[in-house]
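Below is one structure, written out as structure tokens; comments come after it.
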Amino acid sequence: MPSPRDVLVQNRRDAMDLVSKMGVRKLRHVLGKAEVELVQRLADVKVPGDSFTRTSMQATLAQIRDTMEGVKQGMRGTVVDGAKLAAEHAARGTIDYLTQADQEFRGVGTTPLALDEASMFEQSIVGARSSVLRRLGSSGEGIPGAPAGEVDAKMGILDRYGMNVIGSFEQKLQVGVIQRKSWEEMKGDIIGSSPFLQGKPSFWGERIVRTEMMGAYNRASWEANRDADDQLGDMCKILSATFDDRTAADSYAVHGQIRLPDEAFESWFGLYQHPPNRPNDREIVVPHRISWNIPPYLKWRNEGEIVKRWLFEGRKGKPPPRPNMTTVSMDKFGRSRPPLKKESDARPPRPDVPDEG
């Protein structure tokens, strides 16, 4: 478990990394918007001062303000490290507050800001794929697996929302992630910014939030997996589906699929580096070392289960063939691999790999 000091150092380092990608003005704008909204939320919340909700919001606000200060200092060339941070009077007070908050409610003071996840909604970093809606709206792709009558082409997305509204969705989700808002709160934010969603059942807004948040978390995980592979040299990624009465046949078909970090997964609807590959897709990516055995919960589903689910959904005929399930020979898993012995053995920096589509 990190200490409050570790959390503040991580926040500042993550922020300085984002400055190099999105620029200081943009980052300060996003953090500033998160700060203003959080202050208003604290003023509106009708719970005692020692409640988990209020304490969690106050701890998040303290981290946001410290991170903003760290960005200012970083622009002046100040090195961000633990010793310097502890020596600052303002940071010392923040550390003391977070320590106290964590003692009252475990985890409140030792959870870093989700800056990596928030950056996944930033178009200047991720480009046209900074959200699932933007990807669909900018590429003309259909929504794979959408029921008849739903959006199935580029113009359908743009007619409903438009790129300006999609950009507003991205910013609200970005700020919401930093504030640690619930998915229900973020759903309310995007419904409030779209007359179209205000006239539709709530599941439209919920579907957007669920799909976009899964996309952001999975992309951040993918980036971390690629970094780990640079250091360890034997990382792969494995798809894991959630199984309940809402799980679709395509998720049964891809569960346990294995790829190297830069290789695309394959579904009935095309190629993708990480989920979601369609709206409401709840798959996640499990980072895994090839030197480890494959755990039982990632075992592939058999053909009979896929067909049974396909028929349960009321589909006709047979399901499409199962996609290629692994690009890594299964006999390589579980064999020990010696660590890199010297720096010269490390790989050169890997080029950026775009999403498939």
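Kindly check whether there is at least one residue in the stretch 246-262 that is acidic (Asp, Glu), closer than 27 Å to Val209 by Cβ and at pLDDT below 90. Scanning the stretch 246-262, I find no residue that is acidic (Asp, Glu), closer than 27 Å to Val209 by Cβ and at pLDDT below 90, so the answer is no. Among the residues of the stretch 307-328, those identified as among the basic types (Lys, Arg) and part of a loop (DSSP other than H, G, I, E, B) are Arg315, Lys316, Lys318, Arg322. Picking from residues in the stretch 10-53 that are in contact (Cβ under 8 Å) with a residue 40 or more places away in the chain and not in a helix (DSSP H, G or I), the one that is nearest to the chain's Cα centre (by Cα) is Gly23. Comparison of Phe243, Phe203 shows that the only residue that is among the aromatic types (Phe, Trp, Tyr), surrounded by fewer than 23 Cβ atoms within 10 Å (Cβ to Cβ) and either over 21 Å from Arg309 (Cα atoms) or at pLDDT below 90 (or both) is Phe203.
Okay, residues lined up against (1) crowded, with 19+ Cβ neighbours inside 10 Å; (2) under 23 Å from Glu206 (Cβ atoms); (3) among the hydroxyl-bearing types (Ser, Thr, Tyr); (4) in contact with a Pro (Cβ under 9 Å, 6 or more places away or on another chain):
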| residue | (1), (2), (3), (4) |
| --- | --- |
| Trp268 | no, no, no, yes |
| Leu271 | no, no, no, no |
| Pro276 | yes, yes, no, no |
| Pro287 | no, no, no, yes |
| Pro295 | no, no, no, no |
| Val307 | no, no, no, yes |
| Lys316 | no, no, no, no |
| Pro320 | no, no, no, no |
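Among (1) part of a helix (DSSP H, G or I); (2) modelled with pLDDT of 85 or more; (3) of a type outside the set (Phe, Trp, Tyr), where does Lys181 come up short? Against the list (1) part of a helix (DSSP H, G or I); (2) modelled with pLDDT of 85 or more; (3) of a type outside the set (Phe, Trp, Tyr), Lys181 comes up short only on (1).
Does the stretch 235-247 contain any residue that is under 17 Å from the mean Cα position of the chain (by Cα), assigned by TED's automatic domain parsing to the domain that holds Met330, polar (S, T, N, Q) and in a helix (DSSP H, G or I)? Checked the stretch 235-247: no residue is under 17 Å from the mean Cα position of the chain (by Cα), assigned by TED's automatic domain parsing to the domain that holds Met330, polar (S, T, N, Q) and in a helix (DSSP H, G or I).
The values are calculated or read from the model by the stated rules, or taken from the named source; none is laboratory data. In this text, all values refer to a predicted model and were calculated from it rather than measured experimentally. Cβ: placed from backbone, ideal geometry, glycine included. Neighbour counts: every protein chain shown.
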